[in-house]
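What follows is calculated from the coordinates using simple rules that are stated; it is not laboratory data. Here the structure is a predicted model, which is why all the values come from computation and not from measurement. Methodologically, a virtual Cβ is constructed for each residue, glycine included, from the backbone with ideal geometry; neighbour enumeration extends over all protein chains shown.
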Amino acid sequence: MEHSEPETGPGSTAQLRQIPAVNELLRRSAVRDLEGRVGRRWVVECTRRVLQRLREQIVGEGVASISLEALEQEVVNEAEAAARFSLEPIVNASGVVLHTNLGRAPLAREAIEHLADVSTRYSNLEYDLEAGARGKRDVHTDRLFGQLLGAEKTLVVNNNAAAVLLALNTLAEGAEVVVSRGELIEIGGSFRIPEVCAKSGAILREVGTTNRTRIADYAEAVSERTRVLLRVHPSNFRIVGFTERPALEEFVALAQRHQLVSMEDQGSGCLVDLSPQGLRDEPTPAASLTAGVDLVTFSGDKLLGGPQAGILAGRREPLERIRRNPLFRALRVDKLTLAAMEATVSLYLRGKTQAIPALRMIQLTREAIRQRANRLAEQISAHAQFSVRVQDGESVIGGGSTPAQTLPTALLALTHSRHSAQDLEGLLRRHSPPIIARVEEGALLLDLRTVFEDQEEALLRALETMAE
């Protein structure tokens with residue numbers, strides 16, 4: 001007996017025969033228009049993908065009908081999604097100013113404009129216009145950091161871990177670096193000071209205990225093999241209680257007495273006094289250099305508020321040696337980072353720190369944030385599905401900076417008649433643009449400290465879609 005395939009239902013031959021050819025869909029007007037926007041490659045690939053899914057659905061469970069219009073729209077949606085950039089701007093309503101997962105410090109408008117000018121044309125990156133000969137890329141930021149920090153010389157590499165690695169490899173490869181056990185920190189992403197030191201080729205000499213290290217501990221560890229005394233700022237944790245740490249002046253004096261390099265890894269890169277905001281434990285590179293530290297390293301995209309970078313600043317002699325290290329070429333930054341860094345440091349020198357987004361957000365008062373929150377709460381309350389209140393809360397700086405310290409803020413606390421707080425968080429996260437919030441005690445919390453004012457409209461539109 002011959003077997004005949006079904007004409008209807010799952011696996012229907014009739015439905016399989018109705019599947020249009022790829023070229024038939026490519027001739028549809030919306031798909032043709034799409035080619036001009038995203039390119040033929042994406043369109044062809046997505047058309048094939050849509051038709052393959054339809055074929056699998058027919059074989060598996062069947063379909064009620066096949067609509068060319070529906071397939072055409074599916075191709076358009078899929079191709080537009082596939083061609084969209086993976087890295088995209090988001091609305092950060094979490095209240096974490098330097099959110100590592102969200103790109104840390106947003107750049108100042110002046111930095112973006114200078115970056116665009118430099119990157120879309122040729123530039124004097126390594127060309128000395130005065131001499132008409134090859135120059136060095138360091139000069140563009142070196143002169144500015146010199147004025148700002150009082151450093152004899154400054155180098156910029158791709159991040160602070162690279163700065164520490166390069167410095168230790170240059171100054172102490174095969175020799176000893178003395179550091180307190182209480183400063184053997186992990187700087188994020190499982191990168192630890194002992195591991196960075198080991199990769200540099202230097203030998204780590206631990207002194208003191210986790211909570212107490214005296215200057216005598218450093219002194220007793222110094223030998224003919226010692227080259228560097230390293231001090232690491234605990235920027236991402238705090239040890240409290242029965243603690244002791246040598247004064248910076250004692251640390252510098254010991255290094256000078258034994259003709260060693262004194263080095264301080266400050267990590268977070270705080271260049272201004274943030275004590276008015278209650279942040280009193282962040283050292284500044286300028287203060288350490290004034291105290292006589294030979295070399296300070298810090299990040300560019302944390303409290304400094306610039307692009308991702310690692311800055312080495314200090315005395316000329318050790319920095320000249322570091323620059324001659326072949327590793328410097330592997331770790332140096334490109335013209336985009338230098339342009340953004342030059343513009344950011346220039347804002348400090350001109351006294352325009354309010355133009356640096358991270359610093360502006362940190363310095364916002366609770367009252368200023370509350371005024372914005374009250375205005376948005378009134379608009380959100382117009383939708384009956386939402387219940388909203390403005391309540392006191394805390395923001396954090398984040399990015400491995402100022403642990404256990406918070407900034408007073410005002411929060412929008414939302415609940416919805418149909419959606420849980422977790423559902424709201426997920427819907428916002430998947431919105432376009434994505435909005436990152438947090439959930440606490442059954443409410444969705446939005447902290448406007450980290451929301452730019454020109455993003456408020458996008459936030460309101462996203463909430464409106466959930467009220468429909």
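Can you tell me the 0 to 90 degree angle between the C-alpha axis of helix 29-38 and the longest principal axis of the chain, rounded to 10?
10 degrees
Work out the FRET efficiency for Q379 and T406 from their Cβ-Cβ distance, taking R0 = 35 Å, and round it to the nearest 0.05.
For R0 = 35 Å, the calculated efficiency reads 0.80.
What are the lysines whose alpha-carbon lies under 28 Å from the alpha-carbon of K199, with same-chain residues fewer than 8 places away excluded?
Counting by Cα, and skipping residues close in sequence, K199 has these lysines nearby: K136, K153, K302, K335.
Taking the Cα centre as origin and putting +1 on Lys and Arg beta-carbons and -1 on Asp and Glu beta-carbons, what dipole magnitude results for the range 107-353, to the nearest 20 debye?
The dipole magnitude comes to about 260 debye.
Which of H258, L304, L171 sits closest to the plus end of the dipole of the chain, meaning its Cα is farthest towards the positive end, when Lys and Arg get +1 and Asp and Glu get -1 on the C-beta?
H258
Once label points are set 7 Å from the Cα along Cα→Cβ at both R280 and D33, what is their separation, rounded to one decimal in nm?
Output for this residue pair reads 6.3 nm.
Taking neighbour counts of Cβ atoms within 10 Å as a proxy for exposure, in what order, fewest first, do E244, E220 appear?
By the 10 Å Cβ count, ascending, the order reads E220, E244.
In whole Å, what are the Cα extents of the chain along the three principal axes, biggest one first?
99, 55, 54 Å, listed from the longest principal axis down.
I'd like the Kirkwood hydrodynamic radius of the range 340-468, using the inverse of the mean 1/r over distinct C-alpha pairs, in Å.
Result for the range 340-468, one decimal place: 15.9 Å.
S86 label point, 7 Å along Cα→Cβ, cut-off 20 Å on backbone N: hits in the range 430-449?
Zone members listed by number: 430-435.
Going through the range 102-205, which trypsin sites (Lys or Arg not before Pro) have at most 14 other Cβ atoms within 10 Å and a DSSP loop state?
Those that pass, being in a loop and sparsely packed, are R121, K136.
Would you mind calculating the relative contact order of the range 120-184 from Cα pairs under 8 angstrom and at least 6 residues apart, reporting the percent as a whole number?
15 percent
Calculate, for R430 and R257, the FRET efficiency according to 1/(1 + (r/R0)^6) with r their C-beta to C-beta distance and R0 51 Å; round to the nearest 0.05.
0.25
Pairs of alpha-carbon atoms within less than 8 angstrom and 6+ residues apart define the contacts here; what relative contact order does the chain have, in percent?
Reported relative contact order: 18 percent.
Using 0.36 nm per residue, how much length does the chain from R53 to E249 gain when fully extended, once their Cα-Cα distance is taken away?
Length difference between fully extended and current span is 63.6 nm.
Gain in length, D454 to R192, computed as 0.36 nm per residue apart minus the alpha-carbon separation, to one decimal in nm?
Computed gain between D454 and R192 is 90.4 nm.
Go ahead and estimate [θ] at 222 nm for the chain from helices alone: -39,500 (n - 2.57) per DSSP H run with n ≥ 4, summed, over the residue count, rounded to 500.
-12500 deg cm²/dmol
Taking the Cβ-Cβ separation of E320 and S420 as r and a Förster radius of 56 Å, what is the calculated FRET efficiency to the nearest 0.05?
Rounded to the nearest 0.05, the efficiency is 0.40.
Take the range 13-83, drop everything but the C-alpha atoms, weight them equally and run the Debye formula without solvent; then report log10 I(q)/I(0) at 0.14, 0.17, 0.21 Å⁻¹ to two decimals.
-0.39, -0.56, -0.82
What number does the range 107-353 give for Rg over Rh if you use C-alpha atoms and the Kirkwood radius?
So for the range 107-353, dividing Rg by the Kirkwood Rh gives 0.98.
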